[in-house]
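Engineer: Attaching a single structure in C-alpha cells format; questions to follow.
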Amino acid sequence: MTSSEIRQSFLDFFRGKDHRIVQSAPVVPHDDPTLLFTNAGMNQFKDVFLGVGTRDYNRAADTQKCIRVSGKHNDLEEVGIDTYHHTFFEMLGNWSFGDYYKSEAITWAWELLTEVWKLPKERLYATVYKDDDEAFDLWKELTDIDPSHIQRFGEKDNFWEMGETGPCGPCSEIHIDLTEDLSGAALVNKGVPEVIEIWNLVFIQYNRDESGTLTDLPAKHVDTGMGFERICAVLQGKTSNYDSDVFTPVIERIAELSGKKYEGEANQVAMRVIADHVRMLTFSIADGAMPGPEGRGYVLRRILRRGARFGRNLGLKEPFMWKIVATVTKLMAEVFPEIEERREIIEKVVRAEEESFGETLDRGLEIFEEILAAMKKEDRSEMSGAEAFKLYDTFGFPLDLTSLLARERGKTIDVPGFEKHLQEQKERSRSATKNKMRAAGKDGGLDIQMQSDAQTEFIGYDSLETESEIAAVGEMVKTDDGLILPVVLERTPFYLEAGGQISDTGSFVADSTTYDVTGLTGNRDQVVHLLLGDESLEQVRDEQMVIAKVDARRRWDIMRNHTVTHLLHQALREVLGTHVQQAGSYVGPDRLRFDFSHFQKVSPEDLADIESRVNEKILEAISVQHHRNVPFDEAKEMGALMFFGDKYGDTVNVIQIADYSLEFCGGTHVKNTSQIGLFKIVSEGSIASGTRRIEAVTGRGVYNFIGDLEQKIEREQEGVSELQDKIKSLEKEMKKLAIEQSDTVIEDFVANAESIGVSKIVVAKVDAENMDELKGMGDKLREKLSSGIGLLAAAIDEKVALVCVVSDDLVSGKSIKAGALVGQIAKMLGGGGGGRPHLATAGAKDVEKLDEALKTAGELFKEQLT
C-alpha cells in the first residue's frame, strides 16, 4: 500500500463506523496562545474534553498535522539520529465524545490492524495501565491477541493527563515487534527501534483536582493517536520511517542537490534531518508561523539553522532547503492543499532565512574550531558557557546546534553556564529598556514608592475628565523641573502606558489650583499620577476632591495613531500575506511605529498599496466598536487575532472595525475611522532578521510631515522642483480627502438630525484647522438641508469658532436669521459675530463652556421652529 492509500483506508474505516471525518487543525494554533504548536490530534477538541465546548457530532476521525519540538514532547535531539522520530508528523486519530468507550475502541483498533491491514497478530502487543483491569479483560475477551502479549505498565507509560489538573485517564498502547525472531516481549516500552508503539488508545474518564484526587467525569471520552509515518513504514515493510514513500522523494531531491548518495551513516543522518526539517518548515510557515528571534519564530529559526548546518556536511554551502519545498508540496498537497497554495511564500521565507544565516555560519564554524583548539591545548573536554554563548550571541548558533557539533567531536557543554550568560543578557536588555523608558520621560527616572494598596477605576474609554477623590498620596520628590507628587485617584480618565500606547498627560485642579500631570506609573489596578508643581503641592491630601483632565488634543492624536495600527496590521496581512504578525509597536501623539514579521524589504509598490488601503478604510467612515470585558472563550469564537506568547486574562477587550479588523486590545481608540483624518507611511526598514518596521503619521501628523518637507525644500538647493511637485500632490490629495471626509460627516449629521415638522436641526462639534474650512463645511451643510437650521463649532488654536446656517424657506417664511442666532450663542462663550441671514460666523474664547452652549443652541433652534 502507498502512504496515500494507507491514510485513506484509515479514514474510510472510521467513516464506516459513523465517524465524522474532520479537517486537520493548523499546526499554528490560532485560538490557543498557550500552545506553541499543535502537538496532538486532540488539541482541536480540548474544549470538549474540558467541558466548555461541544460539537454537532460525537464521533470523529482525522489526520492531524503535528509538530513536537519543545516541552515533554521534544523529539528534536532524536530526529535524524534514529529512524522513527520527527519534528513534523501526521497523527491519525479517532475520537468519541461521550459515545462509545473502551470495548469499541479496542475492537476497532484490532480489526483495522489485523483484518484490514493484515498485520501479523503474533507481532502485536497491547499495554494497559497497571490498575485498568477492565481494559486488560477487554483485550482478552474481544480480540484474539495472545494473552501473554497484554502487558501492564505504570503511570509514566500508560496514564494520560492533559495537565497537572483536569481530564485524564488510562491508556492502552499497541506495539509491534519488528525483531526477526519475535523476541521483543521484553523490549516493549523500552524505546528501541525493534519494538515500537504504533497506536495509543486513551480513555478519558477522570478529572484530577488540585489535591490530586481523581473523580469520575460525567461523560467518558476516547482519544486515539497513530503515528502515520510509523504505520506506513511498518505496512511497507521498512525498518526506517525514512525508507517509506512518505520520505523517499524528499531524500532523493536532497541527494540530487548535493550530488551525494543516501549511503553511510553521516550522509543518511544529514539527509534525514534535512528531509524532516524542510517538512516542518513547509507546514509551519504555510499555517502562519515565521522565523524570528523568540517564541515560535525562534523554533523555526533553530530548525532551519540546524538543517543548514547538516547541509554543510553534504557540501551544500549555498541556500538549498528552499529548493526542496516544492518536492514536499507535490507529495502532500492533495491532502493539505494549503502548502501548495502558499508554496511561493514558503520558498521565499526559507531562502531569505538561509541567506541571512549563511553569512555567519561559516565564520561561526571557524570560531567553533578555534574554541576546540583552545580546549585541546588546555586539556579540557567541556566547552564553557561563555564560549557557547559567544557562538549564540555573535553567530546565531542555537544551543542545540552547538551541542550537536560538540557531541560529534566527543565534547560537552557547560549548559548551566550558558544559561547564566543568557539570563545576564536578558537582564541587561531589560535594564536598558527601563533606562530608555525613563529617559523618554515615562516616570522621569524617579524612584516612586506608594505605601498604599488603593485601587483605581479607569474610566478613560468614555471620558477625558472626571471629578474624583484622592485615594492615596505618596512622598514628594524634588527634581530640576520642580516638585513631583505621586497621587492615586479612586477613578481616573488617564491611560497608563500599555500595549505600545504611551501614557496620557493633562492636569489636576485641586482647590482652584491647577497642577500638570507630567507622567504616570504603577499598574492597571493602581495608576499613580505624577503631579508637577511647587510648595502648594503640600496642600494636596487624601480624600480631597479633584478634577482630573486629560490633555484631549494629545489623547485624540494618540487614539488616531492607535486605531490606524489595527487598519495597518490588516492591510499588511492582505498585501504581504497572513504570515504577517505584529511584533511590537509605539503609539504616541506625533507618530506611530509598527513592527511586524516579514522576510524581505517591502517594495514601494506594496507600501503604496498598503497606505491606500488604510486611507480607503478611513474614508469609508467605519464605526469602531470597543467590546469590553469579553470572556476569553467568547472572544476566541468572535475570531479576534491572538498570538502565541501574549498574555490574556479571563476577560479581554476586543476592538472591531466592521468586518475588516478584529483584535484583542486594551488601548483607547477613535469611534469612527473618519476621525483618523489621513494616514501617511514615513519609512519602512529592517530592525532584525525577519522583522520589519513601519513608521507613520496620521491627522495633524500628516500636516506636520508636509511642513517638514517644505522646510527641507527651503534648505536644499537641488531637487527643489521635484519636492515641490510632491508637496503639491500631497496637498491636493489632502484637500481631496478632506473634502470627501467632510462630505461624509455632513451627510451623517443631516441623516441623524432632529426634525421639527419638515425642518431639521443640526448642532455639532467638528474638526477644522481654520475658519475658512469651517465656513466651507457650513456651506455644505446648508446645501444638504432642504429646510432647517445648522450650527457647527470647532476649537481652533484654543478658541471657539462658530458657523450658523439657515435654509431659504426659514429666512423668508419665518424671518429666522443666521447672524442673530450665532450672535446669541457666541455671547454665551464670551465672543460675538454676525453675517448674512443664510450664513453667519462668530468667534469666542471660552472653550470650556462650548458643550453647554451647544445644548442651549439646540433648544433655541427648536423655539424658532415651533
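Engineer: For the range 258-361, what Kirkwood radius comes out of the mean inverse Cα-Cα distance, in Å?
Structural biologist: Values: mean 1/r = 0.0726 Å⁻¹.
This gives a value of 13.8 Å.
Engineer: For SER512, SER759, SER9, which order do you get if you count the other beta carbons within 10 Å of each Cβ and list the fewest first?
Structural biologist: Values: SER512 5, SER759 24, SER9 14.
By the 10 Å Cβ count, ascending, the order reads SER512, SER9, SER759.
Engineer: Could I ask something else about it? Using Cα pairs closer than 8 Å and at least 6 residues apart in sequence, work out the relative contact order for the chain, in percent. Walk me through the intermediate numbers first.
Structural biologist: Numbers: 1592 pairs, mean separation 55.3, N = 866.
Averaging sequence separation for qualifying contacts and normalising by length gives 6 percent for the chain.
Engineer: Taking a 22 Å limit on the Cα-Cα distance, which of the listed pairs LYS799/LYS827; LYS827/LYS855; LYS784/LYS845; LYS784/LYS814; LYS775/LYS827; LYS348/LYS601 fall beyond it?
Structural biologist: On the way: LYS799/LYS827 14 Å; LYS827/LYS855 14 Å; LYS784/LYS845 29 Å; LYS784/LYS814 20 Å; LYS775/LYS827 19 Å; LYS348/LYS601 12 Å.
Over 22 Å apart, Cα to Cα: LYS784/LYS845.
Engineer: A further question on this structure: From the P(r) of the chain, can you give the percent of Cα pairs sitting at distances over 35 Å? It would help to have the intermediate numbers written out before the result.
Structural biologist: Values: 236877 of 374545 pairs.
Of the Cα pairs, 63 percent sit more than 35 Å apart.
Engineer: With labels modelled as points extended 7 Å from the Cα through the Cβ direction, what inter-label distance (nm, one decimal) is found for ARG628 paired with THR479?
Structural biologist: 2.9
Engineer: Any idea what the dipole of the range 292-368 comes to, in debye rounded to 20, about its Cα centre with Lys/Arg Cβ at +1 and Asp/Glu Cβ at -1? The partial results should precede the final answer.
Structural biologist: Working: 15 positive and 14 negative charges, 61 e Å.
For this selection, approximately 300 debye.
Engineer: Provide the gained length on full extension for the span LYS348 to LYS712, in nm with one decimal, where the gain is 0.36 nm per separating residue minus the Cα-Cα distance.
Structural biologist: Working: separation 364, 0.36 × 364 = 131.04 nm, distance 3.79 nm.
Residue separation times 0.36 nm, minus the Cα-Cα distance, leaves 127.3 nm.
Engineer: Please list 3J(HN,Hα) in residue order for the range 773-783, calculated via the Karplus relation 6.51 cos²θ - 1.76 cosθ + 1.60 where θ = phi - 60°; whole Hz, with x for glycine and proline.
Structural biologist: 5, 5, 4, x, 5, x, 4, 5, 5, 5, 5
Engineer: One quarter of the convex hull surface, Cα atoms only: what value does that give for the range 556-706 in nm²? Walk me through the intermediate numbers first.
Structural biologist: Values: hull surface 33.8 nm².
The orientation-averaged projected area of the Cα hull of the range 556-706 comes to 8.5 nm².
Engineer: For the range 258-361, what does the relative contact order come out to in percent, with C-alpha contacts under 8 Å and a separation of six or more? Spell out each step's value before the answer.
Structural biologist: Details: 112 pairs, mean separation 32.4, N = 104.
Value for the range 258-361: 31 percent.
Engineer: Given a cut-off of under 8 Å on Cα pairs at least six residues apart, what relative contact order in percent is computed for the range 738-866?
Structural biologist: Computed value for the range 738-866: 21 percent relative contact order.
Engineer: How long are the three semi-axes of the equivalent ellipsoid of the range 488-631, in whole Å, if each is the root of 5 times an eigenvalue of the C-alpha gyration tensor, listed from largest down? List each step's numbers first, then the result.
Structural biologist: On the way: eigenvalues 298, 42, 41 Å².
For the range 488-631, the ellipsoid semi-axes come out as 39, 14, 14 Å.
Engineer: Just going by the charge dipole of the range 753-865, with Lys and Arg at +1 and Asp and Glu at -1 on Cβ, which of LEU821, PHE861, LEU810 is farthest out on the positive end?
Structural biologist: LEU810
Engineer: At q = 0.10, 0.13 Å⁻¹, work out log10 I(q)/I(0) for the range 457-550 with the Debye formula, treating every Cα as an identical point scatterer and leaving solvent out; two decimals please.
Structural biologist: Summing over Cα pairs of the range 457-550 leads to -0.22, -0.37.
Engineer: Roughly speaking, what is the stretch gain from VAL758 to LEU142, that is 0.36 nm per residue apart minus the C-alpha to C-alpha distance, in nm to one decimal?
Structural biologist: Numbers: separation 616, 0.36 × 616 = 221.76 nm, distance 8.44 nm.
This chain segment gains 213.3 nm when fully extended.
Engineer: What is the Rg over Rh value, at two decimals, for the range 773-862, using alpha-carbon atoms and the Kirkwood definition of Rh?
Structural biologist: Details: Rg = 12.0 Å, Rh = 12.7 Å.
Using Cα coordinates only, the ratio equals 0.95.
Engineer: Calculated FRET efficiency, LYS799 and GLN423, Cβ-Cβ r, R0 60 Å, to nearest 0.05? Before the final figure, lay out each step's value.
Structural biologist: Details: r = 57 Å, r/R0 = 0.94.
About 0.60, to the nearest 0.05.
Engineer: Expressed in nm², what is the orientationally averaged projection area of the convex hull enclosing the Cα positions of the range 693-849? It would help to have the intermediate numbers written out before the result.
Structural biologist: On the way: hull surface 48.9 nm².
Mean projected area for the range 693-849: 12.2 nm², to one decimal.
Engineer: To continue, here is another question. For the range 3-246, list log₁₀ I(q)/I(0) at each q in 0.09, 0.11, 0.13, 0.17 Å⁻¹, using the Debye formula over Cα point scatterers of equal strength and ignoring solvent, two decimals each.
Structural biologist: Results for the range 3-246 at q = 0.09, 0.11, 0.13, 0.17 Å⁻¹ read -0.36, -0.55, -0.80, -1.50.
Engineer: Sticking with this one: Could you rank the peptides 458-469, 651-662 by their average count of other C-beta atoms within 10 Å per residue, with the highest value first?
Structural biologist: Values: 458-469: 15.5, 651-662: 18.0.
Highest mean packing first, the order is 651-662, 458-469.
Engineer: I'd like the orientation of helix 552-576 relative to the chain: the angle between its Cα long axis and the longest Cα principal axis, in ° from 0 to 90, rounded to 10.
Structural biologist: 40
Engineer: Can I ask one more? Which residue, LEU372, VAL540, ILE81, has the largest displacement toward the positive end of the dipole of the chain when charges sit on each Cβ (Lys, Arg +1; Asp, Glu -1)?
Structural biologist: The Cα lying farthest towards the positive end belongs to LEU372.
Engineer: Ranked by Cβ crowding within 10 angstrom, fewest neighbours first, how are VAL564, VAL811, VAL250 ordered? Kindly include the intermediate steps, with their values, before the conclusion.
Structural biologist: Numbers: VAL564 29, VAL811 15, VAL250 23.
Taking fewest neighbouring Cβ atoms as first place, the list is VAL811, VAL250, VAL564.
Engineer: Quick one: P(r) of the range 149-206 from all Cα-Cα pairs, 5 Å bins, percents rounded to integers, in order of increasing distance.
Structural biologist: Computed distribution, short to long bins: 4, 18, 26, 21, 13, 9, 5, 2, 0.
Engineer: Taking the Cα centre of the chain as origin, work out the dipole magnitude from +1 charges on Lys and Arg Cβ and -1 charges on Asp and Glu Cβ, in debye rounded to 20. Present the calculation step by step, with values, prior to reporting the outcome.
Structural biologist: Details: 103 positive and 148 negative charges, 369 e Å.
Taking the Cα centre of the chain as origin, the dipole is about 1780 debye.
Engineer: What 222 nm value per residue comes from the helices of the chain, counting each DSSP H run with n ≥ 4 as -39,500 (n - 2.57) and dividing by all residues, nearest 500 deg cm²/dmol? Display every interim value, and only then the final one.
Structural biologist: Numbers: 24 runs with 338 residues, N = 866.
Calculated from helices alone, the mean residue ellipticity at 222 nm is -12500 deg cm²/dmol.
Engineer: Still on this structure: Which angle between 0 and 90 degrees, to the nearest 10, do you get for helix 720-751 versus the longest principal axis of the chain when only C-alpha atoms count?
Structural biologist: Around 80 degrees separate the two axes.
Engineer: Which net charge results for the neighbourhood of ILE558, defined as the other residues with beta-carbon distances under 12 angstrom from its beta-carbon, given Lys and Arg at +1 and Asp and Glu at -1? Could you put the intermediate results ahead of the total?
Structural biologist: On the way: positive: ARG553, ARG554, ARG555, ARG560, ARG591, ARG700; negative: GLU497, ASP504, ASP551, ASP557, ASP590.
Residues close to ILE558 contribute a combined charge of +1.
Engineer: If each residue of separation counts as 0.36 nm, what is the full-extension length gain between TYR298 and THR513 once their alpha-carbon separation is subtracted?
Structural biologist: Numbers: separation 215, 0.36 × 215 = 77.40 nm, distance 5.37 nm.
Gain on stretching TYR298 to THR513: 72.0 nm.
Engineer: A follow-up question, please. Aspartates and glutamates near LYS478 by alpha-carbon distance under 19 Å, same-chain residues fewer than 8 away left out - which ones?
Structural biologist: In chain and number order, the partners are ASP443, ASP447, ASP516, ASP534, GLU535, GLU538.
Engineer: Right, here's the next one. Report, ordered by chain and residue number, the aspartates and glutamates lying within cross-link reach of LYS728, taken as a straight Cα distance under 13 Å and ignoring same-chain residues fewer than 8 apart.
Structural biologist: The reachable aspartates and glutamates, counting only those whose Cα sits under 13 Å from LYS728, are GLU710.
Read-outs throughout are calculated quantities, based only on the coordinates presented, and are distinct from any laboratory measurement. In this text, all values refer to a predicted model and were calculated from it rather than measured experimentally. Glycine gets a Cβ as well: all are built from the backbone with ideal geometry, and neighbour counts include every protein chain shown.
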